[in-house]
Amino acid sequence: MNQTKTKIAGIGFYVPDKVVKNDDLKEVIETTDEWIQERTGIKERRYIERYKENTTTMAVNASKIALERASIAADDVDFIIFATLSPDYYFPGCGVLLQRELGIKNNCGALDIRNQCSAFIYAISIADQFIKTGMYKNILVVGSETHSAGLDFSNKGRNVSVIFGDGAGAVVLQPTTKENQGILSTHLHAEGLHAEKLAFLHLGAHSGVFTGDTSDFESSGEWGSLFVTKEMIENGTAFPYMDGPFVFKNAVFRFPQVIMEALNANNKNVSDINMLIPHQANLRIAQFIQEKMGLRDDQVYNNIQKYGNTTAASVPIALCEAWELGKIKEGDLVCLAAFGSGFTWGSALLQW
Ligand code: COA
């Protein structure tokens with residue numbers, strides 16, 4: 001009998017209706033459509049409708065599509081893995097909120113993971129282990145992000161705020177013994193040395209005034225420094241920080257490295273890849289990887305132009321859209337790869 005592997009049995013994504021074009025951002029920050037497109041490839045992104053949608057509601061919408069496509073009921077899910085850096089509450093995580101909203105009974109476990117842009121790769125790697133060992137049969141993995149609620153819409157934060165968008169993607173993972181189907185391997189890495197190069201430091205026990213250099217840390221108080229202070233909001237430090245050029249340099253090095261690691265582990269070549277879905281960080285990063293690895297246009301799918309960078313949601317959204325467009329077919333060799341805050345990065349090689 002063939003070895004048990006993990007297959008994607010159903011996939012779905014949801015993005016909010018509200019389209020925010022580059023020119024719309026000019027209402028709040030000094031920027032231009034040309035600057036954003038030239039540096040990132042982004043033309044527009046989606047933002048939630050405040051107070052009507054959030055990270056969990058988007059995850060519910062994406063999950064319902066994935067469950068339907070997998071032909072299972074919500075109650076068949078025996079484990080949820082929820083990947084987000086923008087949870088609705090500081091705690092508990094969104095996993096239990098998704099379980100509640102889908103009406104799943106308590107025979108299902110729920111795990112939240114915080115691995116930012118590479119979170120979806122980490123999440124399917126965890127799910128793969130549970131499925132291969134026979135512990136679970138239906139795992140719902142979701143990446144969902146609400147960036148629009150936490151960005152710095154002043155000129156100080158414009159290098160970050162123009163990049164990110166809201167959205168969610170979900171997959172149902174199940175065991176398979178079919179030949180030429182399922183996850184072949186996953187590869188995960190971390191380098192905490194650069195943790196503060198792309199970070200949102202507040203609401204953490206080290207909350208303080210951050211200027212981009214860890215030696216500049218000052219505690220915001222001896223007691224109760226867990227929360228954002230008025231001062232942090234006023235001086236603009238209560239927002240995500242990114243050293244863009246440093247992140248860019250590391251990303252273009254790590255992406256090809258971890259994709260090659262996946263190919264080498266399975267005795268495959270770049271030419272064997274039918275579809276590469278890179279995390280949608282920046283179109284320039286994806287183009288750099290494509291050129292460096294000698295991939296043809298039809299071997300790579302990008303949709304950052306429409307949705308911006310949706311961190312944990314970007315890989316499942318792009319994977320789902322590529323599949324819906326008929327660009328991924330049964331048996332195809334698909335490579336997923338991501339790099340982001342942490343730094344963490346990873347890849348997954350699978351046969352569709
Ligand atoms: N509109 C107009 N001008 C802007 C701007 C914006 N939205 N954001 C920054 N600028 C300005 C800066 O103020 C700076 O002006 P100055 O030269 O007068 O000081 C200039 O543009 C260059 O800023 P810099 O931050 O050095 O830009 P960059 O060329 O590095 O591009 C990024 C910025 C963010 C697009 C780029 O660094 C990048 O893509 N990095 C990787 C980010 C990424 O992918 N993150 C996701 C991680 S997974």
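Checking GLY346, GLY326 one by one, the residue that is in contact with a helix residue (DSSP H, G or I) (Cβ under 9 Å, 6 or more places away or on another chain) and modelled with pLDDT of 95 or more is GLY346 and no other. Scanning the range 155-183 for residues that are under 22 Å from THR84 (Cα atoms), in a loop (DSSP other than H, G, I, E, B) and not acidic (Asp, Glu) yields VAL162, ILE163, GLY165. When you scan the range 329-352, how many residues do you find that are away from the ligand (no atom under 15 Å from the Cβ) and assigned to a strand (DSSP E or B)? Of the residues in the range 329-352, 7 are away from the ligand (no atom under 15 Å from the Cβ) and assigned to a strand (DSSP E or B). Considering the range 253-298, and only residues there that are over 24 Å from PHE164 (Cβ atoms) and of a type in the set (Lys, Arg), the residue that is nearest to the ligand (Cβ to nearest atom) turns out to be LYS292.
Every condition in (1) under 17 Å from the mean Cα position of the chain (by Cα); (2) farther than 22 Å from PHE13 by Cβ; (3) surrounded by fewer than 23 Cβ atoms within 10 Å (Cβ to Cβ) is met by MET293 except one, and the failing one is (1). Of THR186, THR133, THR146, THR177, all but one fail to be touching a Gly at 6+ places or on another chain (Cβ under 8 Å) and more than 14 Å from the ligand (Cβ to nearest atom); the exception is THR186. When ALA338, ALA265, ALA313 are screened for being surrounded by fewer than 19 Cβ atoms within 10 Å (Cβ to Cβ) and of a type in the set (A, V, I, L, M, F, W, C), only ALA265 passes. Screening the range 8-123 for strands (runs of 3 or more DSSP E) wholly inside it with 1 or more residues that are closer than 20 Å to CYS320 by Cα and touching a residue at least 40 places away in the same chain (Cβ under 8 Å) returns the ranges 44-47, 79-83.
Residues in the range 137-151 that are more than 16 Å from GLN116 (Cβ to Cβ) and buried (at least 19 other Cβ atoms within 10 Å of the Cβ): 4 in all.
Listed by position, the helices (runs of 4 or more DSSP H) inside the range 253-328 whose residues that are of a type outside the set (A, V, I, L, M) and closer than 28 Å to ASN54 by Cβ number at least 1 are 304-307, 314-324. Which residues, counting only those in the range 184-198, are in a strand (DSSP E or B) and not β-branched (Val, Ile, Thr)? LEU184, SER185, HIS187, LEU188, HIS189, ALA190, LEU198 - these are the residues of the range 184-198 that are in a strand (DSSP E or B) and not β-branched (Val, Ile, Thr). For the range 79-123, the set of residues classified as in contact with a Gly (Cβ under 8 Å, 6 or more places away or on another chain) and among the aliphatic types (A, V, I, L, M) consists of ILE80, ILE81, ALA83, ALA110, LEU111, ALA119, ILE121, ALA123, listed by residue number. Pairs meeting the criteria (first residue in the range 321-336 and touching a residue at least 12 places away in the same chain (Cβ under 8 Å), second residue hydroxyl-bearing (Ser, Thr, Tyr) and surrounded by 12 or more Cβ atoms within 10 Å (Cβ to Cβ), beta carbons under 7 Å, at least 6 apart or on different chains) are ALA322/TYR301; LYS327/TYR301; CYS335/SER347; LEU336/SER347.
The values are calculated or read from the model by the stated rules, or taken from the named source; none is laboratory data. The structure presented is a predicted model; accordingly, all values stated were derived computationally and were not measured. Note: ideal-geometry Cβ built from the backbone for every residue, glycine included; neighbour counts use all protein chains shown.
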